[in-house]
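The values are calculated or read from the model by the stated rules, or taken from the named source; none is laboratory data. None of these values were measured; they are calculated from a predicted model. Here the Cβ positions follow ideal geometry from the backbone for every residue, glycine too, while neighbour counts run over all protein chains shown. SASA here: full protein model, heavy atoms, side chains in, ligands and nucleic acids out. Shrake-Rupley method; radii C 1.70, N 1.55, O 1.52, S 1.80 Å.
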Amino acid sequence: MALILTGFAISNSISGLAETQFSKVMRYDAVVALQPNRTRSDLLSYEEIREEYQEISSHLFTLQETYKAERTGITTQDVTIFVPEATDNVSAFVRLKERDATALHRIDNDGAIISEKLADLMAVGPGDELVIRNEEEMTYRIPIDTVTENYTGHYVYLSRNLYESVFAASFTPNTDLLVFEETDGEWEEAFAERVMDNDNVALVTFMSVIHEAFRDTLESLDVITLVLIISAAALAFVVLYNLTNINVSERIRELSTIKVLGFYDMEVSLYVYRETFILTLFGILVGFGLGNILATVLLKMVEVDFMLFPIAIYPISYVYSTVLTLLFSAIVMVIMHLKLKKVNMIEALKSVE
């Protein structure tokens with residue numbers, strides 16, 4: 001039972017990772033990468049093009065740069081600095097909150113918000129400092145305010161003022177995040193072609209494309225989870241069969257005596273099945289708890305440094321696991337019932353224990 005539930009839990013977590021990251025955490029629909037060293041006045045021509053498209057409901061200029069964070073002797077990770085031009089509407093583009101929480105974090109000047117996996121790898125948290133370095137080996141110390149939910153990559157969210165204070169550099173946006181109404185591939189292709197003609201734009205990336213590619217990659221792991229579920233189901237069947245078979249074999253004289261006394265075949269079978277059914281229900285209840293623990297442990301073991309698996313055990317997973325276990329128990333009971341019907345009572349009673 002526990003292994004079957006674990007298989008379903010891992011499948012749910014893997015399939016839900018892409019959906020959670022690219023629909024709930026990252027809420028923007030496209031990223032327009034701007035040419036380097038462009039001032040806000042240089043971007044006016046690009047903004048005029050963007051405003052031609054009524055489908056775009058909102059946008060946010062951001063500064064995103066990659067640095068290195070190192071935990072000496074343990075790990076070195078690529079970290080993306082994320083600095084929005086304004087913080088009042090960041091939640092429309094990125095939801096910053098703790099897992100299983102509803103309250104959103106606000107980017108302020110007191111400290112940065114860092115992604116959960118990065119905090120774990122660097123062994124830092126609120127009140128600590130994150131030390132990062134650039135390609136020129138210049139180091140920067142960023143105060144940490146809180147930790148946020150994130151499942152792929154490592155991010156550090158800074159306010160504009162805090163960025164300028166830590167890095168001693170002025171804020172210059174290099175990306176524009178877009179949120180637009182539901183569109184089709186033709187619209188996205190036409191928009192990208194139109195925007196790319198502008199000298200200030202380097203690249204346009206649509207999150208739907210990234211989401212699809214990431215989901216396809218994770219789907220390759222479905223084969224592993226399917227094998228795990230099938231193996232767990234087969235193991236559950238074999239264990240149930242062997243235990244019931246041993247139980248019947250050890251009590252064959254007792255069952256034969258009951259049969260001689262006039263019990264019908266079904267009554268004899270139920271004499272054994274009541275115990276098996278109670279033990280199966282007990283195993284299911286224990287399996288719920290063990291399955292949760294085992295799924296958490298296995299997902300932690302298969303995680304890579306840039307990825308965090310959400311622990312997702314949906315109610316339907318409990319239903320499937322329970323139904324499969326009860327189904328195997330019922331099959332074993334039918335097999336044992338047929339076996340008991342063929343028992344030679346006289347020979348069984350004559351046998352020496």
Quiz item: Can you find even one residue in the range 16-35 that is within 18 Å of the chain's Cα centre (by Cα), at pLDDT 90 or above and surrounded by fewer than 20 Cβ atoms within 10 Å (Cβ to Cβ)?
Solution: yes
Practice problem: State the number of residues belonging to the range 272-297 that are more than 19 Å from Ile331 (Cβ to Cβ) and surrounded by 15 or more Cβ atoms within 10 Å (Cβ to Cβ). | Solution: 7
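If only one of Glu181, Glu164 is out of contact with any strand residue (DSSP E or B) (no Cβ under 8 Å at 6 or more places or on another chain) and surrounded by fewer than 18 Cβ atoms within 10 Å (Cβ to Cβ), which one is it?
Glu164
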Practice problem: Of the numbered conditions (1) of a type in the set (Ser, Thr, Tyr); (2) more than 18 Å from Ser208 (Cβ to Cβ); (3) open to solvent by less than 30 Å² (accessible area, probe 1.4 Å), Thr66 fails exactly one; give the number of that condition. | Solution: (3)
Quiz item: Does Ala232 satisfy the criteria of being in contact (Cβ under 8 Å) with a residue 40 or more places away in the chain and of a type in the set (Gly, Ala, Ser)?
Solution: yes
Practice problem: Could you please tell me which pairs satisfy a Cβ distance under 6 Å, a separation of 6+ or placement on different chains, a first residue in the range 98-112 that is more than 17 Å from Ile142 (Cα to Cα) and in a loop (DSSP other than H, G, I, E, B), and a second residue that is open to solvent by less than 70 Å² (accessible area, probe 1.4 Å) and small (Gly, Ala, Ser)? | Solution: Leu104/Ser91
Exercise. Hey, could you check the range 186-209 for residues that are within 27 Å of the chain's Cα centre (by Cα) and surrounded by fewer than 17 Cβ atoms within 10 Å (Cβ to Cβ) and say which is modelled with the highest pLDDT?
Key: Thr205
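Of everything in the range 298-340 that's within 18 Å of Glu116 (Cβ to Cβ) and open to solvent by 50 Å² or more (accessible area, probe 1.4 Å), which residue is modelled with the lowest pLDDT? Please lay out each step first, then the result.
Within the range 298-340, the first condition is being within 18 Å of Glu116 (Cβ to Cβ), and the residues that meet it are 299-312.
Those left that are additionally open to solvent by 50 Å² or more (accessible area, probe 1.4 Å): 300-302, 304-306, 311.
Numbers: Lys300: 77, Met301: 75, Val302: 71, Val304: 76, Asp305: 81, Phe306: 81, Ile311: 74.
Residue satisfying both the conditions and the ranking: Val302.
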Quiz item: Applying the selection to the range 94-117, what residues are more than 22 Å from Glu164 (Cα to Cα) and open to solvent by less than 50 Å² (accessible area, probe 1.4 Å)?
Solution: Lys97, Ala101, Glu116, Lys117
Quiz item: Here are Pro143, Pro173: which of them is part of a loop (DSSP other than H, G, I, E, B), at negative phi, surrounded by 13 or more Cβ atoms within 10 Å (Cβ to Cβ) and not aromatic (Phe, Trp, Tyr)?
Solution: Pro173
Practice problem: Considering (1) touching a Lys or Arg at 6+ places or on another chain (Cβ under 9 Å); (2) touching a residue at least 40 places away in the same chain (Cβ under 8 Å), say which one Thr183 fails and leave the rest. | Solution: (1)
Quiz prompt | Sole exception among (1) in contact with a strand residue (DSSP E or B) (Cβ under 9 Å, 6 or more places away or on another chain); (2) free of Cβ contacts under 8 Å to residues at least 12 places away in the same chain for Glu136, by number | solution = (1)
Quiz prompt | Scope the range 217-242; condition open to solvent by 60 Å² or more (accessible area, probe 1.4 Å) and closer than 13 Å to Phe328 by Cα; matching residues | solution = Ile230, Leu235, Phe237, Val238, Val239, Tyr241, Asn242
